[in-house]
Amino acid sequence: MRLSEFDRAVDAEFGARGRAMLDDLALARVGYRTAAEALKAGISTRDVWLALCEEADVPRDRRYGVGRLDPRDR
């Protein structure tokens, strides 16, 4: 998952509160770091995305492939 895909996924799933969640929500799956801290520490965007989804109870069907552009729209 590219950082641009991660950003689109956060915006699509969490809207206006997404940016605050990246800075404030501690994620157990990445060592109780925030998403911003985890990304800065070099943890993959995919792992951070999944940790964020898990912590925020995002349904599994909205976790995978989110943020990717449809090839027809490129």
What tally of residues in segment 22-74 results from selecting those that are assigned to a helix (DSSP H, G or I), at pLDDT 95 or above and of a type in the set (A, V, I, L, M)? 10
So how many residues does segment 7-18 have that are of a type in the set (D, E, K, R) and over 10 Å from the mean Cα position of the chain (by Cα)? 1
Residues that are out of contact with any Phe, Trp or Tyr (no Cβ under 8 Å at 6 or more places or on another chain), aliphatic (A, V, I, L, M) and surrounded by 11 or more Cβ atoms within 10 Å (Cβ to Cβ), drawn from segment 13-34: 22, 25, 27, 30
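The values are calculated or read from the model by the stated rules, or taken from the named source; none is laboratory data. From a predicted model like this one, the values you see are computed outputs, not experimental measurements. Using ideal geometry, Cβ is built from the backbone for each residue, glycine included, and neighbour counts are taken over all protein chains shown.
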